[in-house]
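Novice: Shown below is the structure under consideration.
The values are calculated or read from the model by the stated rules, or taken from the named source; none is laboratory data. Here the structure is a predicted model, which means the values were calculated and not measured. Reconstructed Cβ throughout: ideal geometry from the backbone, glycine too, with neighbour counts over all protein chains shown.
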Amino acid sequence: MKFTLVLLVGILFFCCCSTLLVDHTHATTAVTTSSPPQRITSLPGFNGPISFAQYSGYVPVSTNSTEKRFLFYWFVESQSASSSEDPVVLWMNGGPGCSSLDGFVTEHGPFLLNDDGKTLRSNDHAWNKRANIIYLESPFEVGYSFTTNKNDHVWNDVKSANDVLQFLAIFFSELFPQYLKNPFYIAAESYGGHYGPTTAVAVLRANQHNQFPFKFNLKGFIVANGIMDDREDTNSVPIFMYQHSLISKSSYEDGLSKCKGDFYKFQNLPECSNVISQYYTSIVGVNPYDIYANCVGDVGPFASNNEKEENASFLETMKSNGWMKALTQKQGSSSSIHPLFTLSARVGSGAPCLAYKPQEYWFNLNEVKMALHASPLIPQDHRWQMCNNVVNSFYNRTYDSMIPFYQELLSNGIRGLFYSGDCDLAVNSLGSQNGIYALMNVMNGQIVKPYQSWMMEKQVAGFYQIWSAGSTTMTFKTIKGAGHMVPMTRPKQAQTVLYDFIFN
């Protein structure tokens, strides 16, 4: 979620896709003892009845005696009468560096935060109406999660997946063993397009190698407007812009010419980089997460001084470094960070065009931290942020494609769903669909249901296609009129897409 405006041109990594996630041995791994689950008994700002159980707290995911990494979770049980048998879904927002609790209070949690930052309202389309949902803040230092080693600035896809695996082992073996038998799904959004599949593969391999004295009942993975393949994501952006009249025909054709027909391959050519910078200069003020929605705050000549400063700094950074050059850096100093990340760090921890102040106000209230059991363990100087700029700056985006991970999961019977809001520019549906087609070409996937519309309330709600691949199926589904955070803009449709998949 959020920070993935970087995905306007894909997250352009130049490393090879490693297949190693966990150094497995045939010996089982003992899980780290955790505190008993702590039930949430009240929520500041919500006065209505709560008919389901919910729990939150910290789980240690490192056993090093010199440091501890603690991941924070908020677990809401299903509201249905069959909650003890309903599927369990792990949810992770992206960034990298953005909090899954933001997804809770702005997308599909049972309580949504009002604009005043003080009160909550019930969500009629909460995902836990029929499923048990784990909202996990990962990696460490995201949201309430933290490490005792403040010099640890090493974040990457492998470390993140392994930490989440350790969390899940403790969750299912110690905290909530009654749910170990339930169907389990891993869902993630945006940069979660890396989090989800890498974690799912770690879980799959843990089962295969008997890493724990139990088996996870992993049934499927869900990617929501997530990055998948750098080449496909990158090359789709200019054509998406052109098809939505964000750039002109002549500008698009100029880019094709100067980038030799491949924006990904020739991104570092000066003439290619310059024309791409011109593309993004032309859409400053457009909401990249929903091109038909307004930005929070004013833009252009009506912008505040802070907003004008953001735009000026953004353009200056692009001119000096180039948008593409900034994106190709995987980690390091602020000079290698995407310009919008640098801007965001100056004015807050939000993302372009999106509200973040209500969330940051509510989650930093002392009474909220106490109610959610973040206090007293959380360090006093630790502040909850929607998106952590430090994590984003130093996160090593390890892989350039998720296709090998999808392939491994599907080949082992783990079903896949990729859903995409079709108004999202940050991770647009064209690139995502092309990535799925590339996957099917590799796997020799066979079409089970050809591309067609799906309906809701007697209206077209989007389009979908299903393939048989490996020993199971892969589904690609669009949601008409939805942005990057589908449950935020089309909540009922998002809930339907989830339930159609996990109860199929």
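Novice: Could you grab me the full set of residues in region 445-467 that are touching a strand residue (DSSP E or B) at 6+ places or on another chain (Cβ under 9 Å) and without any contact (Cβ under 8 Å) to a residue 12 or more places away in the chain?
Specialist: The answer is 453, 455.
Novice: Grab the strands (runs of 3 or more DSSP E) fully contained in region 418-480, keeping just those with 1 or more residues being within 25 Å of the chain's Cα centre (by Cα) and surrounded by 21 or more Cβ atoms within 10 Å (Cβ to Cβ). Walk me through how you get there before you give the answer.
Specialist: Numbers: elements: 446-456, 459-469, 472-479.
Correct list: 459-469, 472-479.
Novice: Related question: Give the residue that is farthest from residue 497 (Cα to Cα), with candidates limited to residues of region 393-420 that are of a type in the set (S, T, N, Q) and modelled with pLDDT of 95 or more.
Specialist: Initial filter on region 393-420 (of a type in the set (S, T, N, Q)): 393, 396, 398, 401, 407, 411-412, 420.
Adding the requirement that they be modelled with pLDDT of 95 or more leaves 401, 407, 411-412, 420.
Numbers: 401: 25, 407: 22, 411: 23, 412: 23, 420: 10 Å.
Across region 393-420, the extreme among qualifying residues is 401.
Novice: I would also like to ask the following. How many residues, within region 449-482, are under 26 Å from residue 78 (Cα atoms) and small (Gly, Ala, Ser)?
Specialist: 2
Novice: Also, I was wondering about something else. If the requirement is being in a strand (DSSP E or B) and crowded, with 24+ Cβ neighbours inside 10 Å, which of these qualifies: 101, 168, 112, 136?
Specialist: The match here is 136.
Novice: Being hydroxyl-bearing (Ser, Thr, Tyr) and crowded, with 17+ Cβ neighbours inside 10 Å is true for just one of 65, 78. Which residue is that? Break it down into steps so the answer makes sense when it comes.
Specialist: Values: 65 fails: crowded, with 17+ Cβ neighbours inside 10 Å.
78 is the lone residue from the list that is hydroxyl-bearing (Ser, Thr, Tyr) and crowded, with 17+ Cβ neighbours inside 10 Å.
Novice: Give me the pairs: first residue in region 141-155 and within 26 Å of residue 104 (Cα to Cα), second residue polar (S, T, N, Q), beta-carbon distance under 6 Å, and six or more apart or on different chains, which are they?
Specialist: Correct list of pairs: 141/388; 142/99; 142/388; 143/99.
Novice: Touching a strand residue (DSSP E or B) at 6+ places or on another chain (Cβ under 8 Å), modelled with pLDDT under 85 and outside any helix (DSSP H, G or I), is that true of residue 285?
Specialist: So residue 285 fails the test.
Novice: Name the single residue that is surrounded by the most Cβ atoms within 10 Å (Cβ to Cβ) among those in region 204-236 being among the basic types (Lys, Arg) and farther than 30 Å from residue 426 by Cβ.
Specialist: Across region 204-236, the extreme among qualifying residues is 205.
Novice: Suppose we keep only residues that are among the basic types (Lys, Arg) and within 29 Å of the chain's Cα centre (by Cα) within region 227-277. Which one would you say is nearest to residue 476 (Cα to Cα)?
Specialist: Filtering region 227-277 for residues that are among the basic types (Lys, Arg) and within 29 Å of the chain's Cα centre (by Cα), the one nearest to residue 476 (Cα to Cα) comes out as 231.
Novice: Next up: When the residues of region 347-363 are narrowed to those that are touching a strand residue (DSSP E or B) at 6+ places or on another chain (Cβ under 8 Å) and part of a loop (DSSP other than H, G, I, E, B), which ends up modelled with the lowest pLDDT?
Specialist: 349
Novice: Does region 374-408 hold any residues that are among the acidic types (Asp, Glu) and part of a loop (DSSP other than H, G, I, E, B), and which are they?
Specialist: 381, 400
Novice: While we're on this one: Looking only at region 481-497, count every residue that is in contact with a Ser or Thr (Cβ under 8 Å, 6 or more places away or on another chain), buried (at least 22 other Cβ atoms within 10 Å of the Cβ) and among the small types (Gly, Ala, Ser) and tell me the total.
Specialist: Here the count works out to 2.
Novice: Taking only pairs six or more apart or across chains, which ones have beta-carbon atoms under 7 Å, a first residue in region 203-217 that is free of Cβ contacts under 8 Å to residues at least 12 places away in the same chain, and a second residue that is outside any helix (DSSP H, G or I)?
Specialist: From region 203-217, the pairs are 207/215; 207/216.
Novice: Does residue 161 satisfy the criteria of being within 27 Å of residue 375 (Cα to Cα), assigned to a strand (DSSP E or B) and in contact with a helix residue (DSSP H, G or I) (Cβ under 9 Å, 6 or more places away or on another chain)?
Specialist: On the way: within 27 Å of residue 375 (Cα to Cα): yes; assigned to a strand (DSSP E or B): no; in contact with a helix residue (DSSP H, G or I) (Cβ under 9 Å, 6 or more places away or on another chain): yes.
For residue 161, the condition - within 27 Å of residue 375 (Cα to Cα), assigned to a strand (DSSP E or B) and in contact with a helix residue (DSSP H, G or I) (Cβ under 9 Å, 6 or more places away or on another chain) - is not met.
Novice: Still on this structure, please answer the following. Would you confirm whether any residue within region 421-433 is at pLDDT below 95, touching a strand residue (DSSP E or B) at 6+ places or on another chain (Cβ under 7 Å) and farther than 22 Å from residue 201 by Cβ?
Specialist: no
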